[in-house]
1. Could you tell me the relative contact order of chain B? Use alpha-carbon pairs under 8 Å, at least six residues apart, and round to a whole percent.
2. Taking the Cα centre of region B:226-377 as the origin and placing charges on Cβ (Lys, Arg +1; Asp, Glu -1), which of B:MET332, B:SER264, B:MET227 is farthest toward the positive end of the dipole?
3. Apply the Kirkwood formula to region B:592-748: the hydrodynamic radius equals the inverse of the mean of 1/r over all pairs of different alpha-carbon atoms; give it in Å with one decimal.
4. How many nm is it between the label spots at B:GLU153 and B:HIS195, if each spot is 7 Å from the Cα in line with the beta carbon?
5. Pairs B:LYS73/B:LYS434; B:LYS557/B:LYS597; B:LYS434/B:LYS667; A:LYS35/B:LYS81: which are spaced more than 19 Å apart, C-alpha to C-alpha?
6. Once the Cβ-Cβ distance between A:THR78 and B:GLU145 is put in as r, and R0 is 51 Å, what FRET efficiency do you end up with, to the nearest 0.05?
7. Based only on Cα atoms, what Rg/Rh ratio does region A:76-156 have, Rh being taken as Kirkwood's radius?
8. Please report the base-10 log of the normalised intensity I(q)/I(0) for region B:365-483, using a Debye sum with one equal scatterer per alpha carbon and no solvent, at each q in 0.09, 0.11, 0.24 (1/Å).
Amino acid sequence: MIRLIVNGRPVEVDDEPSTPLLYVLRDTLELNGAKFGCGLGQCGACTVLVEGAAVFSCVVPVGDLAGQRITTVEGLGTRERPGALQQAFIEEQAAQCGYCTAGMIMRAQALLERNASPTDEEIRAALEPNLCRCGTHLRIVRAVRRAAEARQRAVASGVSSLGRAG
Amino acid sequence: MGVPDMKVSRRAVLSTGGALVVSFALAPSLAGAAARSAGRAAERSLPGSLGSTPMLDAWLRIDAGGITVFTGKAELGQGIKTALIQVAAEELAVQPQAITLVTADTARTPDEGYTAGSLSMEDSGTAIMNAAAQAREIMMRLASERLRQPRGELTAAQGAVIAPGGRRIAYADLLSARTLHVRAEPRAPLGNPAHRRVMGRSWPRVDIPAKVFGERAFVQDLRLADMVHARVVRPPSYGARLRSVETAPILRLPGVLSVVRNGSYLAVVARREYQAIVAMEALSGAASWEETASLPHQSRLFADLLAWPSRDVPVGRRGRPPSLRRSHAATMLEAEYRRGYLMHGSIGPSCAVALFDHGVLTVWTQTQGVYPLRSALAGLIGLPESRVRCIQVEGAGCYGHNGADDAAADAALIAKQVPGRPVRVQWMRADEHKWEPYGPVMLARVRGALDAAGHIAWWQYQVWSNTHSTRPGGARELMPAWYLERPLSPPAPSPLPLPAGGGDRNALPLYRIPSLRVDYRFVPKMPLRVSALRSLGAHFNVFAIESFMDELARAGKFDPVEFRLRHLDDPRALAVIRTVAERFGWRAYRRLAGCGKGFAFARYKNLAAYLAIAVEVSVDRGEPMPRVLRVVAAVDSGEAVNPDGIRNQIEGGIIQAFSWTLLESVKFDRTRITSRDWASYPILRFSAVPRSVEVVVLNRPGQPFLGTGEAAQGPAAGALANALADAAGLRLQDLPLSGDRIKGAMGS
Ligand code: FES
Ligand code: FES
């Protein structure tokens, strides 16, 4: 049994330690956010946060993560209480097929946690590992900028948080 | 009931405009031959897909449960769901939230063939708009009788018909189950385009929230009770035969339930997904294959393409054949353009779930065509079509015929071996890269002459390419079927018919040219698997035509925009071009060192959306990638239902076309495809996408829907090539444009 903290909740999974985190999230824990895109660390569709840092969940064995905090897009908010990035992606309509979207949001989340007001150049650089075949890139950059601004306003007015769990 | 399947004829009576219209509500397949041909003539005049599915209740159901709209088209990330809901909401005078939309499902929705060719709004949007308007009118008349009020004094709003005093009857209370089981009329009382409430507004896409909250949004996310996971061991190369494989050790691996072997078709089923992957890798290691070197030399591909037997398809003839009295031609130019194979490159490898239970096969699939897939799968599995149901569930964007149908075939073949349990199959990245059908290789030769006044006097264009569609059809087009014990082989390819065409799509320039000859050299031989890639031949043909237009403009010392305008008459073409020139600041443009601008225009298929685009790039000596600084595009796709949805599609189309044009070409050796992942087949990443893209939508309320999804591919390629030529003073005729070619050309 391997213990993890997923989206703020402690869980125990019985997968082989060599199983990449992606399959534990999707198959064992039945979370949809992280997607299989390449299994090779080349596309970022599987991006999640481990202890606040963006990782390719398709290449990280779950056995290496015992006791660590993992966040998927499900952990950032809900329809009723959307996270800042989720809200911004909807407002900017920053998806076409949307298969890359959750990975994009998670990588952006990691960026905003270390840089609250990134420039467009910094956003592009941070998102470089993630591919989008639909060509939604510019909307994604706008959505990240919008989320950063919304979050700054929220901080200024005393309301907190990028998303809920983390 | 989505599709009428009545066993006996009945008559539905509907009063319209004082006259009594009697319509025979026969299922088309049961109608007598005479009635069928008479019906056909009538149905040809019905708008959109009403022509093939004329009963209103195939499209619309209104009852106490609400309003349900049925479309045979599929959401592919293009936003079609939202646009169709808007159309229905407009004509039914309700808010979009009041409508539930059911998409492609052979048990529930009309047969609208493939979701392809940018035809969804034209086919399904038009059908739903007309069906909804007729349903509204039926309800108004019924309400007029019930309320004893003249029809003209009633209004429809918020799901009810309302009389002047405020009395109202809800739609659901006006209709019985069969009221809408009537045949559509050729002319529906459509709403006034000047008073749109819902159409023409940027309604937020209904599919996006599920995707940002990590809800179940994709076929990849389906988890059915008792579901198992399968992976296919694909052969290492086309035509490889499985010589031997030892399966016993594989069956002992954790979670493995079975190994499926049928000829050279090899797959493994396991309880959990990662167990299936581990077993697939082991099985792949245990298999030995016999391969053949069936691929051409990549370095000689274009010479081969010209040498392979071809069949001539005349595309356009105008004026007298040129007498070639060169003295009359002030300027004469020629050029040759080339494009290799392009990948669809979906970010999510193809996936399907299938359940074979009590002799019935149900497949959840990301296909673009549930009905054609159903007949292909029925043939593959040996079941009557009535025992196969295909339900479309979104996958990652496909951009044409990729592995989606083959993955459905995989799921069906494997599910047949484990009856009673849903089987989920997802391809691995290398499967998708190596086995999807590519956008075909293309080559064009162009010659043109300007007269003394600087008008194009004649134009000759020949394009060599394969077929641009090998979609099923039948089981023979399904790739897994080629490897079975009793293999099927794909049917002989044929060119797609004009005017839309395939390899010759947009081969005919829209420009006014008095003497012209355009030919498609259709090449049946296709050593690499090919099929429909977004816009088919239009990407390359428009790239070639628009590059050559710039060559001619330069030779005649004309501004490229002026040169295009002086060869066009269609006011809608002129409007998109002028809009872009103005917004871009074309005339006033001041070139900085290393920068340049490029322009292009096309009307997709020469009969759909108009699109013009201007691009500014900068190139740096020694750097393989140009920077795209700025893009301005204008699109006229007829009446715009969801302008932001159109912008989204066009922005995405431009960026994707830039990726194809700058970076992409499938690599292979004599035996194997060697583009097997994103390292060996790179696509555009954030660092290389344009700094800005502005898309202007020219809305034409009341005009037919022209479709949007593929309009940008060709013009984006042409404008980029023209901008590079302007910035670097070089003309690149081979795709992809970037990399060593730019460096090499600039160094020389
Ligand atoms: S799926 Fe993990 S990087 Fe592509
Ligand atoms: S929105 Fe389709 S891959 Fe990014």
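1. Over chain B, the number comes to 13 percent.
2. In region B:226-377, that residue is B:MET332.
3. After inverting the pairwise mean of 1/r, the radius is 16.3 Å.
4. 1.8 nm
5. B:LYS73/B:LYS434; A:LYS35/B:LYS81, as the Cα separations exceed 19 Å there.
6. According to the calculation, E is roughly 0.60.
7. Using only Cα positions, Rg/Rh for region A:76-156 is 0.93.
8. So the normalised log intensities are -0.37, -0.48, -1.47.
FYI, it's all coordinate maths here, none of it is from the lab. Keep in mind that this is a model prediction, so the values were computed, not measured. Don't worry about glycine lacking a Cβ; one is built from the backbone with ideal geometry, like all the others, and counts go over all protein chains shown.
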